[in-house]
1. How many of the residues in segment 119-143 are farther than 16 Å from Ala95 by Cβ and over 14 Å from the mean Cα position of the chain (by Cα)?
2. Name the residues in segment 196-230 that are at pLDDT below 95, under 16 Å from the mean Cα position of the chain (by Cα) and not in a loop (DSSP other than H, G, I, E, B), would you?
3. What's the total number of residues in segment 158-179 that are touching a strand residue (DSSP E or B) at 6+ places or on another chain (Cβ under 9 Å), surrounded by fewer than 24 Cβ atoms within 10 Å (Cβ to Cβ) and of a type in the set (D, E, K, R)?
4. Just to check your reading of the model, which residue among Ala95, Ala59, Ala115 is in contact with a Leu (Cβ under 6 Å, 6 or more places away or on another chain) and within 22 Å of Gly184 (Cβ to Cβ)?
5. Against the condition part of a helix (DSSP H, G or I), touching a Lys or Arg at 6+ places or on another chain (Cβ under 6 Å) and aliphatic (A, V, I, L, M), how does Ala102 come out, does it pass?
6. Scan segment 123-132 and give yes if some residue there is closer than 24 Å to Glu226 by Cβ and among the charged types (D, E, K, R), otherwise no.
7. Here is a list of conditions, (1) at pLDDT 95 or above; (2) acidic (Asp, Glu); (3) in contact with a Leu (Cβ under 9 Å, 6 or more places away or on another chain), and Glu22 meets all of them except one; can you say which number that is?
8. Considering every residue within segment 26-44, establish whether at least one is modelled with pLDDT under 95 and small (Gly, Ala, Ser).
Amino acid sequence: MIRALLFDFNGVLVDDEPIHLELLQRVLGEEGVRLSEEDYSGRYLGLDDRACLAAVLAAAGEKATPSRLVRLITRKASYYRERMLAGGYPVFAGAAELVGAAAARGWLLGIVSGALREEVEGAVRQLGLARHFKVLVTAEDVADGKPDPEGYRLALEALNARPPLPERMVHPHEVLALEDSLAGIRAAGEAGLLTLGVAHTYGAADLRGAHAVVPALAGLTPERLEALFA
């Protein structure tokens with residue numbers, strides 16, 4: 001039985017993966033480092049900004065010092081903020097509807113993301129959905145991003161520990177993680193959660209590590225989720 005949904009943010013709720021690639025290319029280009037779309041989708045998608053930038057710099061033979069990473073992350077966040085203020089957050093069809101329907105069903109909801117908290121909070125406010133999410137785990141909350149399971153373990157703990165408390169403890173097998181990347185699916189799986197691959201970014205065949213895969217959030221309902229995981 002499903003009692004909680006934990007959503008990834010980029011690529012599941014918000015259609016901004018192309019924007020992240022563009023801005024990563026921009027900040028790295030300012031450092032004289034090239035990041036191709038092929039390398040990003042094949043090697044780095046699903047990583048948080050710190051891990052992605054560190055890996056790209058290392059692959060280019062560049063030093064990824066803590067101060068340099070902070071500077072690049074801050075600059076990228078500034079560019080992202082400007083883009084969202086100008087055009088708003090691009091949201092996937094069906095995202096708001098699924099969140100609202102799941103909340104109405106009494107399921108606990110959360111977001112587990114490698115994005116910055118400011119970005120996640122800005123999007124759920126724009127959608128008018130902030131009140132539905134009990135838990136937000138963002139890049140600032142973890143030492144290691146996906147595929148490390150730390151974020152999902154923190155989210156599960158918060159579902160059980162933060163008021164209002166559930167009537168009984170929520171167990172990992174009652175929590176469904178919705179992810180668009182192999183790194184996210186691996187992180188949720190290692191935390192013991194059910195996993196649903198959402199093929200917004202990769203094809204369904206590329207998400208075969210998930211317990212189930214859907215092509216998109218559009219048309220997805222709590223009833224369909226329960227049928228998939230009966």
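1. The qualifying residues number 2.
2. Leu207 - this is the single residue of segment 196-230 that is at pLDDT below 95, under 16 Å from the mean Cα position of the chain (by Cα) and not in a loop (DSSP other than H, G, I, E, B).
3. Here the count works out to 2.
4. On the way: Ala59 fails: in contact with a Leu (Cβ under 6 Å, 6 or more places away or on another chain); Ala115 fails: in contact with a Leu (Cβ under 6 Å, 6 or more places away or on another chain).
Exactly one of Ala95, Ala59, Ala115 is in contact with a Leu (Cβ under 6 Å, 6 or more places away or on another chain) and within 22 Å of Gly184 (Cβ to Cβ), namely Ala95.
5. Working: part of a helix (DSSP H, G or I): yes; touching a Lys or Arg at 6+ places or on another chain (Cβ under 6 Å): no; aliphatic (A, V, I, L, M): yes.
So Ala102 fails the test.
6. The answer is yes; a qualifying residue exists.
7. Only one criterion in (1) at pLDDT 95 or above; (2) acidic (Asp, Glu); (3) in contact with a Leu (Cβ under 9 Å, 6 or more places away or on another chain) is unmet by Glu22, namely (3).
8. Yes, segment 26-44 contains a residue that is modelled with pLDDT under 95 and small (Gly, Ala, Ser).
The values are calculated or read from the model by the stated rules, or taken from the named source; none is laboratory data. Computed from a predicted structure; not experimentally measured. Reconstructed Cβ throughout: ideal geometry from the backbone, glycine too, with neighbour counts over all protein chains shown.
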